[in-house]
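K.L.:
Pasting a structure below so you can have a look.
The values are calculated or read from the model by the stated rules, or taken from the named source; none is laboratory data. Everything numeric in this text was worked out from a predicted model, so none of it was measured. As a convention, Cβ positions derive from the backbone with ideal geometry for all residues, glycine included, and neighbour counts pool all protein chains shown.
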Amino acid sequence: MATAFGIITSSANHIKVAGMQDYRPMGAFSFAGRYRVIDFPISNMSNSGIDNIQVYVRENPRSLAEHLGNEGAFNINSKKGKLQLLFSDNSTANDVYNTDVAGFAENMNIIARKPQEYVIIAPSYMVYTQNYNELLEQHIASGADVTLLYQHVNNAKESYLHCDTLNLNKQKGVLAIERNTGTANSKNIFMDTYVMKKDLFISLIRDAQKMSSIYTLSQIINSEVNDLDVRGVLHRGYFATVTDFKSYFEANLDLIDVDNASSLFNENWPIYTVTSDAAPTKYYEQADVKNSLVSNGCSIKGIVENSVIGRGVTIEDGAVVKNSVILAYSRIGKDVHIENQVVDKWAQIIHAKEIIGTPDKPGYVKRDDIL
Amino acid sequence: MSQNNMLAMILAGGRGSRLKDLTNKVAKPAVSYGGKYRIIDFPLSNCANSGINVVGVLTQYESVLLNSYVAQGRRWGLDSNGSGVFVLPPREKADADLDVYRGTADAISQNIDFIDSYDPEYLLILSGDHIYKMNYDDMLTFHKEHNADATIAVIGVPMKEASRFGIMNTDENGKIVEFEEKPAEPKSNLASMGIYIFNWKLLRRMLLADMKNPDSSHDFGKDIIPTLLNEGKSLWAYQFKGYWKDVGTIDSLWEANMDLLDDNSGLNLEDPSWKIYTEDASALPQYIGPDAHIKTAFITQGCKIDGEVTRSVLFTGSVVKKGAKVTDTVLMPGAVVEEGAVVTRALVANNVRIGAKAIVGDAKSENITLVAKNVKGEE
């Protein structure tokens, strides 16, 4: 059987999530209450039997390092497996230098030493489930040099604006990788997921560096698309990107829908995360919770609708929380009314009586803030 | 071995037959409690939080699940070098045939070699079937302060119930003068919690003698403690104040779960300084549907609720479908209440399915209805 090691990339420098990203990289963002975004690619790899995984980190590594320090939680073999955090020097002179290729190049020796023949590269900022073993088998059977995973969407005019798209011929051959400019609704969104041989990967990194310091892996593949056999594989099922604040907000609320949730969460494909040993959640007599995802460790006395509630959140008497994402350990005080908000961890909303956003323009409450 | 030089042994071999069908295939300490826990998580977490890092678990009845469960010491943080949770079922030895544990004391006697290998100064004996949070290190401090040969944790129970317990009669300082097992006319209300600290050298000697005594039932309460008192040893009662519950029956197991709904019950599982650790189930957060009504409930991850839930405790992966009504009820892991079913004053066992529109339990019943088999509904 062919073997692969895994690489989990950090977001490209043009992707920014206002507010949240000041505190942690996107992979460490809380998702669906009890998870972090990076739990999805790691669980995909772990469930596919890939237990040598490199995670590339650029900024604010603290929360990610802490989370991934619990190797055992991700069902990675404690002897044969390895979960490596690889840091790259962040250029402060100009953010354009901070590419994925720069990160790979800095850790080239570690990549070159990997005994596995293949590499599977997945982003830390997208949420989907995929059996990479099947993808690898498909890649080998097709004889392609590079396989790229994509999802077909019908709302690319307004969403996925920071993502790349695949221009495919009828045989699923990739003609070009282009930024989504929002010109059409029907697009093949590239899921920033690659399969190729390790040797090809290494030579692509070298090619990119020769070409330009700002070249990324997808750009070098795009420029060599005529010399290489690059193919797309269609992914089906739940897919969300965390590529800006709104997409983060929407992806969380998407999972309140039980159909979306059951497409993402499957008993045979567990998503691992690190437990906080929180007790179950207490619902009081005056609580009224509808259409929501609630994590453990909460204390709920207020009204909650269409919301995602993280671990250990307190929602006090008379509080109303609608259409919001409340991250762990926050407190929504007595009679406070909030709508369309992302409330970051450890925030307390006790003085402000009303914070109302719109679904198109959700608000953000900073971590540790007291409002 | 930890700094306090105390090793803990948890007696977890009993069936708990008053729990009826719940313990057909699992031992009582492995029975689920409080949404996400098993009963044995309490003594194990108490040990971990008290700085005890070597714990032996004595198993016997239906021990397969219990053995594999406690063997993963990582769940309680009992996995650093020199620490661990050790599963100790009866075993064959070079000088003795395979035999069952004949009593609580015999279970320890048969593992003297295990305890000796750690050379502890103190031995803590615990039972695997009580719900409580207790700092055993405080009890050890008490034991040392009184220069005791043995210390027994006691809790004040209502006088009218005292004849159900092993009762310690003490002098005004707390020194035990008499022990009475289930006395018809109790002289005190201090009930033994089945938690003992012994000086290991002394206990070791007592156990070796007890093993050879043909008249002994090899039980701590019936044999070891009375012998120690007869020999004039210094036994002290350590009075525990706090929540403590023996979940020996379906009714008491139900009650102990319901206590979690009451902020004044004295049992707080959310205290960050004394967490109860357990297995981490890979499960979604709680999915609360558009038609859900939840009033006064304790619910854990992996539950899906789209019906009415009132004064109930829902365990991992339990499901309440649209139009169903669950009141004053405990749903054990994986229990499913189908559409329109009504469940009242019941304890629904693991993975049991209550069919659509079925009616189970009775608000006026004296005892809690145990539902251990699937209930057919209209389908």
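K.L.:
Out of all the residues in the range A:182-198, which are surrounded by 18 or more Cβ atoms within 10 Å (Cβ to Cβ) and within 23 Å of the chain's Cα centre (by Cα)?
P.N.:
Within the range A:182-198, A:K187, A:N188, A:I189, A:F190, A:M191, A:D192, A:T193, A:Y194, A:V195, A:M196 qualify.
K.L.:
Here are the criteria: (1) in a strand (DSSP E or B); (2) at pLDDT below 95. Tell me which single one A:D259 does not satisfy.
P.N.:
(1)
K.L.:
Now for a separate question. Of the numbered conditions (1) touching a Cys at 6+ places or on another chain (Cβ under 9 Å); (2) of a type in the set (A, V, I, L, M); (3) surrounded by 22 or more Cβ atoms within 10 Å (Cβ to Cβ), B:A324 fails exactly one; give the number of that condition.
P.N.:
Exception for B:A324: condition (1).
K.L.:
Continuing with the same structure: Out of all the residues in the range A:345-361, is one or more closer than 26 Å to A:S159 by Cβ and touching a helix residue (DSSP H, G or I) at 6+ places or on another chain (Cβ under 7 Å)?
P.N.:
no
K.L.:
Also, quick follow-up: Counting just the residues of the range A:290-321 that are over 28 Å from A:S63 (Cβ atoms) and in a strand (DSSP E or B), which one comes out farthest from the other protein chains (Cβ to nearest Cβ)?
P.N.:
A:V320
K.L.:
Does B:S17 satisfy the condition of being out of contact with any strand residue (DSSP E or B) (no Cβ under 7 Å at 6 or more places or on another chain), at pLDDT below 90 and under 21 Å from B:H218 (Cα atoms)?
P.N.:
yes
K.L.:
Considering (1) surrounded by fewer than 18 Cβ atoms within 10 Å (Cβ to Cβ); (2) touching a helix residue (DSSP H, G or I) at 6+ places or on another chain (Cβ under 8 Å); (3) modelled with pLDDT of 95 or more, say which one B:K182 fails and leave the rest.
P.N.:
(3)
K.L.:
Looking only at residues in the range A:6-36 that are assigned to a loop (DSSP other than H, G, I, E, B) and charged (D, E, K, R), which one is farthest from A:Y160 (Cα to Cα)?
P.N.:
Top of the filtered list is A:R34.
K.L.:
A:A278 versus (1) closer than 22 Å to A:A261 by Cα; (2) surrounded by fewer than 24 Cβ atoms within 10 Å (Cβ to Cβ); (3) touching a Gly at 6+ places or on another chain (Cβ under 9 Å); (4) more than 7 Å from every other protein chain (Cβ to nearest Cβ): which is the lone unmet condition?
P.N.:
(1)
K.L.:
Let me ask another. Being assigned to a loop (DSSP other than H, G, I, E, B) and surrounded by 15 or more Cβ atoms within 10 Å (Cβ to Cβ) is the filter here, so list the residues in the range A:132-181 that pass it. Give the derivation first.
P.N.:
Quick first cut of the range A:132-181, residues assigned to a loop (DSSP other than H, G, I, E, B) only: A:143-145, A:154-163, A:169-172, A:180-181.
Listed by number, the residues that qualify are A:A144, A:D145, A:A156, A:K157, A:S159, A:Y160, A:L161, A:H162, A:C163, A:K172, A:N180.
K.L.:
For the range A:85-97, does any single residue satisfy the condition of being crowded, with 18+ Cβ neighbours inside 10 Å, more than 30 Å from A:S330 (Cβ to Cβ), more than 14 Å from chain B (Cβ to nearest Cβ) and at pLDDT below 95?
P.N.:
Checked against the condition, which is being crowded, with 18+ Cβ neighbours inside 10 Å, more than 30 Å from A:S330 (Cβ to Cβ), more than 14 Å from chain B (Cβ to nearest Cβ) and at pLDDT below 95, the range A:85-97 yields at least one hit.
K.L.:
Restricting to the range B:254-299, what's the tally of residues that are facing another protein chain (nearest Cβ under 7 Å) and either of a type in the set (D, E, K, R) or not in a loop (DSSP other than H, G, I, E, B) (or both)?
P.N.:
Number of matching residues: 12.
Rundown of residues vs (1) more than 24 Å from the chain's Cα centre (by Cα); (2) closer than 18 Å to A:I350 by Cβ, yes/no style:
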{"site": "A:K282", "(1), (2)": "yes, no"}
{"site": "A:A287", "(1), (2)": "yes, no"}
{"site": "A:S295", "(1), (2)": "no, no"}
{"site": "A:C298", "(1), (2)": "yes, yes"}
{"site": "A:E305", "(1), (2)": "yes, no"}
{"site": "A:G318", "(1), (2)": "yes, yes"}
{"site": "A:N323", "(1), (2)": "no, no"}
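Residue by residue, here is whether (1) under 25 Å from A:I220 (Cα atoms); (2) of a type outside the set (S, T, N, Q) holds:
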residue	(1), (2)
A:S48	no, no
A:N60	no, no
A:N70	no, no
A:L85	yes, yes
A:Y97	yes, yes
A:N107	yes, no
A:N131	no, no
A:L135	yes, yes
A:A144	yes, yes
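K.L.:
Something else now. Quick check, is A:S63 without any contact (Cβ under 8 Å) to a residue 60 or more places away in the chain, small (G, A, S) and away from chain B (no Cβ under 14 Å)?
P.N.:
yes
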